[in-house]
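Input: a single structure, listed below in structure tokens.
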Amino acid sequence: MPHTTYYAPRPRLRWLTAPFVLADRAFRPSRPGRISDGAIEAAQIARTAIGLAATAWMVYAYPMQQSVSAVAKDKFLEILLSAGVLVVAGPALLVLFATAARAPARSLYLRRLKGPMTGFGALFISVAILYVLLQNDGGTQMSLQFGPFGQFVFLLAALAAVLFAVPFGLTAAFLCVHYVFRTADVHEVLPPLISPLLVWATLGLQLLEDAPASAAPPGIRLLFLIGPALSVTALSLWELRRLRVRFGRTIRGALHRGRRPQQW
């Protein structure tokens, strides 16, 4: 039988944890009645754990063109790149899905876009704040427009904004990729539909860069290059099948175009 997500009480906001708690609230799917499957979540966590273990083995087994810290930075930049791809393509894909559905599902999906759009807006604002304040000493240049006391107040406010925006933005970049910008709030079939598009688009951008493990055999380098895209695609296909077999959720039903279009 399908089971719905149980929502635990939200944790209290504290100064040190506020950026992380708010990022979790902004990007974790929260639609009441959304189907949640423990097997799917466990498979996603296992795939991430295997990827991290394989990366650690790669760094240990083969000399690298870059230092370990540089490789870790590259991995983090991949997360930011994936988030950037989602920011560009995500809204268009969501609107396309909603408009492709027949009435009355179309209006329902358009109303459900509030959750994903909240995530898009939160990530965009945090990145914009960091860009304005940190790019070419933008905060310092802006403070020069005020008097001595005004500069002091502005710099304090800018420092507080940066101290909040940095952990919030880093957490948001990871969570928006993990939860695919709360697309499950619109419909459960959307995360496995969008995830493969995300990873293959990211792979295309990675092909333009040098591989960090030049000493590894070509087969190993190829595996580490296309392995994430293949594993995410396979997991997404399995997830779509499980949603169809176990919960009766299909793409045609979601679009209100199947024989039993009750899956909203």
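For region 229-258, taking the residues that are in contact with a Ser or Thr (Cβ under 7 Å, 6 or more places away or on another chain) and under 18 Å from residue 34 (Cβ atoms), the one that is surrounded by the most Cβ atoms within 10 Å (Cβ to Cβ) is identified as 236.
Of everything in region 170-206, what is among the aromatic types (Phe, Trp, Tyr) and not in a helix (DSSP H, G or I)? Give them in sequence order.
Residue satisfying the conditions is 179 alone.
Scanning region 118-141 for residues that are at pLDDT 75 or above and surrounded by fewer than 16 Cβ atoms within 10 Å (Cβ to Cβ) returns 121, 124, 125, 128. For region 15-48, a residue qualifies if it is within 19 Å of the chain's Cα centre (by Cα) and of a type in the set (S, T, N, Q), and the qualifying residues are 30, 36, 44, 48. Please determine whether any residue of region 212-219 is surrounded by fewer than 22 Cβ atoms within 10 Å (Cβ to Cβ), modelled with pLDDT of 70 or more and in contact with a helix residue (DSSP H, G or I) (Cβ under 8 Å, 6 or more places away or on another chain). So far as region 212-219 goes, no, none of its residues is surrounded by fewer than 22 Cβ atoms within 10 Å (Cβ to Cβ), modelled with pLDDT of 70 or more and in contact with a helix residue (DSSP H, G or I) (Cβ under 8 Å, 6 or more places away or on another chain).
Of everything listed in (1) modelled with pLDDT of 80 or more; (2) assigned to a loop (DSSP other than H, G, I, E, B); (3) open to solvent by less than 80 Å² (accessible area, probe 1.4 Å), the single unmet condition for residue 66 is (1).
Against the test of being modelled with pLDDT under 85 and either of a type in the set (A, V, I, L, M, F, W, C) or in contact with a strand residue (DSSP E or B) (Cβ under 9 Å, 6 or more places away or on another chain) (or both), the options 108, 113, 144, 96 yield a single qualifying residue, 144.
The values are calculated or read from the model by the stated rules, or taken from the named source; none is laboratory data. Please read all numbers here as calculations on a predicted model, not as lab measurements. A quick note on method: Cβ atoms are made from the backbone with ideal geometry, for glycine too, and the neighbour counts reach across all protein chains shown. Ligands, DNA and RNA are excluded from the accessible area calculation, which covers all protein heavy atoms including side chains. Shrake-Rupley method; radii C 1.70, N 1.55, O 1.52, S 1.80 Å.
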